[in-house]
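S.K.: Just passing along the structure, written as structure tokens.
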Ligand SMILES: [Fe+2]
Ligand SMILES: [Fe+2]
């Protein structure tokens, strides 16, 4: 399937709790192997190896040790699931070269978190090759997106100034080093919420720079972009992470996220303009959008810009049910959405979409 990468699960014949397999399948293609059939190709092809075997059984341990010594193992994270989580198992997992281990069974949320950390480990390590300001913008952005979405899901406070500080780093990194390098780095990340929030934030930031907006408006575009889908923190996971297109009933539930985004920011006392971006990024000029069915001049310039950045980010991003669309084609699709999108703005956005940095930064000192 498009965009789904392989996770290999190594098992033996012992009885273990295997409920984690369906969780892994929600995010990745799963290949099940035995210790015997586990091979170098699995390391090469896999984003992550999960090993659930009896670590006290020499029949399993010796061949596994050989496989874990293969040179191909070096770049692939390996997670051990430990039945007993006792000292003996932990020592054994470490000797075998575990990247991490976890006592299993454990709550689904813990499992998803540790799996996410491991699959993103190499991507985040590659950020070291970026400039210092780009690296810290991506790192701080990751923490802020994770924290705000998790707090919003629990009904806890989300603080505008924290997001603003993180977006200031993004604005600085973009003004200093351009959009292309950090955006390419973001597109490799496996956390969709983070990837999409940062993409919309980056495209809106560059769009604002292209249009020569003043600093406070640039901040507002960046923050509004990062938080535009915060309402998805309330969308049920089986809909949000469904590895296929949504059916009409699920789609209705999904559409609630725009209204929820606006309400979450309003409840936390955020600025009106940011609430506008969050609540209205799916409005369309002909009134066919949601959540308020706004029409024509009722759709603000900010909401028009957010709709363009959001749609473009969606089109050029790969998902499990569709491939990534090239930027030129995405712009073509958007230019054909006449009546829905603000076409003069789409035309202006082309410079951002095609990374024409001389145009984007024309207004920057
Ligand atoms: Fe959205
Ligand atoms: Fe979005």
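The values are calculated or read from the model by the stated rules, or taken from the named source; none is laboratory data. Computed from a predicted model, the values in this text were never measured in an experiment. Here Cβ is always computed from backbone atoms with ideal geometry, including for glycine, and neighbour counts include all displayed protein chains.
S.K.: Does any residue of region 99-106 turn out to be crowded, with 20+ Cβ neighbours inside 10 Å, within 22 Å of residue 192 (Cα to Cα) and touching a strand residue (DSSP E or B) at 6+ places or on another chain (Cβ under 6 Å)?
M.R.: no
S.K.: May I pose another question? State all residues of region 225-246 that are at pLDDT 90 or above and more than 15 Å from ligand 1 (Cβ to nearest atom); if no residue qualifies, say none.
M.R.: 236
S.K.: Is it the case that region 346-359 has a residue that's free of Cβ contacts under 8 Å to residues at least 40 places away in the same chain, within 16 Å of ligand 2 (Cβ to nearest atom) and farther than 26 Å from residue 242 by Cα?
M.R.: Within region 346-359, none of the residues are free of Cβ contacts under 8 Å to residues at least 40 places away in the same chain, within 16 Å of ligand 2 (Cβ to nearest atom) and farther than 26 Å from residue 242 by Cα.
S.K.: For residue 291, state whether it is in contact (Cβ under 8 Å) with a residue 60 or more places away in the chain and either within 13 Å of ligand 1 (Cβ to nearest atom) or buried (at least 16 other Cβ atoms within 10 Å of the Cβ) (or both).
M.R.: No, not satisfied.
S.K.: Let me ask you something else. Output the qualifying pairs, or none if there are none: Cβ atoms under 6 angstrom, residues six or more apart or on different chains, first residue in region 157-169 and surrounded by 20 or more Cβ atoms within 10 Å (Cβ to Cβ), second residue not in a helix (DSSP H, G or I).
M.R.: From region 157-169, the pairs are 158/268.
S.K.: Still on this structure, please answer the following. Can you name the residue in region 10-45 that is more than 19 Å from residue 122 (Cα to Cα) and assigned to a strand (DSSP E or B) and, of all such residues, is nearest to the chain's Cα centre (by Cα)?
M.R.: Filtering first and then ranking leaves 30.
S.K.: Criterion first (assigned by TED's automatic domain parsing to the domain that holds residue 108, touching a helix residue (DSSP H, G or I) at 6+ places or on another chain (Cβ under 8 Å) and either modelled with pLDDT under 95 or surrounded by fewer than 13 Cβ atoms within 10 Å (Cβ to Cβ) (or both)) does residue 44 satisfy it?
M.R.: So residue 44 fits the description; yes.
S.K.: Residue 90 is checked against (1) surrounded by fewer than 18 Cβ atoms within 10 Å (Cβ to Cβ); (2) out of contact with any strand residue (DSSP E or B) (no Cβ under 8 Å at 6 or more places or on another chain) and fails just one. What number does that condition carry?
M.R.: Among (1) surrounded by fewer than 18 Cβ atoms within 10 Å (Cβ to Cβ); (2) out of contact with any strand residue (DSSP E or B) (no Cβ under 8 Å at 6 or more places or on another chain), residue 90 violates only (2).
S.K.: Scan region 318-337 and tell me whether some residue there is surrounded by 18 or more Cβ atoms within 10 Å (Cβ to Cβ), within 15 Å of ligand 1 (Cβ to nearest atom), at pLDDT 95 or above and part of a helix (DSSP H, G or I).
M.R.: There is no residue in region 318-337 that is surrounded by 18 or more Cβ atoms within 10 Å (Cβ to Cβ), within 15 Å of ligand 1 (Cβ to nearest atom), at pLDDT 95 or above and part of a helix (DSSP H, G or I).
S.K.: Which pairs do you get when a residue that is farther than 27 Å from residue 177 by Cβ, found in region 136-154, comes within reach of a residue that is at pLDDT 95 or above and surrounded by fewer than 16 Cβ atoms within 10 Å (Cβ to Cβ), reach meaning Cβ atoms under 8 angstrom, with the pair 6+ apart or on two chains?
M.R.: 151/157
S.K.: Moving to a separate point now. Residues of region 286-304 being within 13 Å of ligand 2 (Cβ to nearest atom) and part of a helix (DSSP H, G or I), which ones?
M.R.: Scanning region 286-304 gives a single hit, 303.
S.K.: What residue, among those in region 225-246 that are within 14 Å of ligand 2 (Cβ to nearest atom) and part of a loop (DSSP other than H, G, I, E, B), is surrounded by the most Cβ atoms within 10 Å (Cβ to Cβ)?
M.R.: 228
S.K.: May I pose another question? Go through (1) closer than 17 Å to residue 303 by Cα; (2) away from ligand 2 (no atom under 13 Å from the Cβ); (3) out of contact with any helix residue (DSSP H, G or I) (no Cβ under 7 Å at 6 or more places or on another chain) for residue 249 and report which single condition fails.
M.R.: Failing condition for residue 249: (1).
S.K.: Still on this structure: Kindly indicate whether any position in region 171-185 is over 17 Å from residue 205 (Cα atoms) and either touching a helix residue (DSSP H, G or I) at 6+ places or on another chain (Cβ under 9 Å) or in contact (Cβ under 8 Å) with a residue 12 or more places away in the chain (or both).
M.R.: There is no residue in region 171-185 that is over 17 Å from residue 205 (Cα atoms) and either touching a helix residue (DSSP H, G or I) at 6+ places or on another chain (Cβ under 9 Å) or in contact (Cβ under 8 Å) with a residue 12 or more places away in the chain (or both).
S.K.: Still on this model: Can you tell me which condition residue 208 does not meet? The list is (1) at pLDDT below 95; (2) away from ligand 2 (no atom under 16 Å from the Cβ), and all the others hold.
M.R.: Residue 208 satisfies every listed condition except (1).
S.K.: Hey, can you tell me all the residues within region 247-280 that are in a loop (DSSP other than H, G, I, E, B) and free of Cβ contacts under 8 Å to residues at least 40 places away in the same chain?
M.R.: 247
S.K.: Then there's this: Looking for something in a loop (DSSP other than H, G, I, E, B), more than 16 Å from ligand 2 (Cβ to nearest atom) and farther than 23 Å from residue 319 by Cβ - is there at least one such residue anywhere in region 182-197?
M.R.: no
S.K.: Which residues, counting only those in region 200-214, are in contact (Cβ under 8 Å) with a residue 40 or more places away in the chain and either surrounded by fewer than 23 Cβ atoms within 10 Å (Cβ to Cβ) or not assigned by TED's automatic domain parsing to the domain that holds residue 305 (or both)?
M.R.: 210, 211, 212, listed by residue number.
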